[in-house]
Amino acid sequence: QKEVEQDPGPLSVPEGAIVSLNCTYSNSAFQYFMWYRQYSRKGPELLMYTYSSGNKEDGRFTAQVDKSSKYISLFIRDSQPSDSATYLCAMSAEIVLTGGGNKLTFGTGTQLKVEL
Amino acid sequence: NAGVTQTPKFRILKIGQSMTLQCAQDMNHNYMYWYRQDPGMGLKLIYYSVGAGITDKGEVPNGYNVSRSTTEDFPLRLELAAPSQTSVYFCASSKPRDRGLETQYFGPGTRLLVL
């Protein structure tokens, strides 16, 4: 079983729709929960992150973490064609890499297309 | 700031050849990382460095080597290329924090095809 599971999609929605992207995980030591956005042929960029459980909102994006269910979500409201990308969830425990830094465990990514 | 830069963008190698993937950052970040991204597999950590002269293995280090002689540069060396090393390689960097999560900034990637 993978530590982090993510539906690869593709997910196609009309412009203006609410999008829900999800990941499940098995490692209860994870405390940081991140969402990265990756445009085609580009590197991932951090969209937002949450520490432990709860919600976090940033403009049209809302991240939710349910540690009891080991389930995280990213909601995109009023989706735009510019949101078309692959969305990667990533997680990290408190324990850092030897000498420093966070060890990130990534999901496989969900490909999203927002159509006009 | 250019951020994290990687060269080359794309390369085709024959089995057994060697090459160096270049990575540089101009943000004065101490931490640097190399990942590979394979379809359906997510990003996997190959090697990382917490400062000049200090490197350590990640999840999938076999077949690769790194060095970190300066804060800015973190090259990844493939000595004997194998088809299993066909992948997209990403370099990332981050700044240490006293506590919490440090944000990793990624380069644009190098696509490598080994035939």
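No lab work stands behind these numbers, since they all come straight from the coordinates. For clarity, every value in this text was computed on a predicted model and none was experimentally measured. Backbone-built Cβ (ideal geometry, glycine too); neighbour counts: all protein chains shown.
Quick notes
- Size descriptors for the protein assembly as shown: radius of gyration and Dmax over Cα atoms are 17.7, 51 Å.
- Computed E for B:Ser18/B:Asp73 - FRET, C-beta separation, R0 22 angstrom, nearest 0.05: 0.75
- Between B:Arg97, B:Arg77, B:Arg36, the Gaussian network model of chain B with springs among Cα atoms under 10 angstrom shows the greatest mean-square fluctuation at B:Arg97.
- Cross-link table A:Lys2/B:Lys14; A:Lys56/A:Lys113; A:Lys56/B:Lys57; B:Lys14/B:Lys44, entries beyond 28 Å C-alpha to C-alpha: A:Lys2/B:Lys14; A:Lys56/B:Lys57
- Measuring nothing but how far apart in sequence close Cα pairs (under 8 Å, 6+ apart) lie, relative to its length, chain A scores a relative contact order of 36 percent.
- For the stretch A:7-13, the Karplus equation 6.51 cos²θ - 1.76 cosθ + 1.60, evaluated at θ = phi - 60°, returns couplings of 5, x, x, x, 10, 10, 9 Hz by residue, with Gly and Pro reported as x.
- In the stretch A:4-115, the alpha-carbon atoms span a convex hull of 97 Å³ per residue.
- Candidates A:Tyr87, A:Tyr25, A:Tyr39: whichever shows maximal mean-square fluctuation once chain A is modelled as a Gaussian network with Cα springs under 10 Å: A:Tyr39
- GNM flexibility winner over chain A from A:Leu21, A:Leu46, A:Leu88 (Cα, springs under 10 Å): A:Leu46
- Net charge in the neighbourhood of B:Glu72 (other residues with Cβ under 15 Å of its Cβ; Lys, Arg +1, Asp, Glu -1) is 0.
- The mean count of C-beta atoms from other chains within 10 Å of the C-beta of residues in B:54-65, rounded to a whole number, is 1.
- The Rg/Rh ratio for the stretch A:63-116, using Cα coordinates for both the radius of gyration and the Kirkwood hydrodynamic radius, is 1.09.
- Whole-Å distance, taken between Cα centres, linking the stretch A:54-91 and the stretch B:22-81: 28
- Taking every C-alpha pair closer than 8 Å and separated by at least 6 residues, the mean separation divided by the residue count of chain B gives a relative contact order of 35 percent.
- Peptides A:65-73, B:48-56, B:12-20, ordered by how many other C-beta atoms sit within 10 Å of their residues on average, highest first, read B:48-56, A:65-73, B:12-20.
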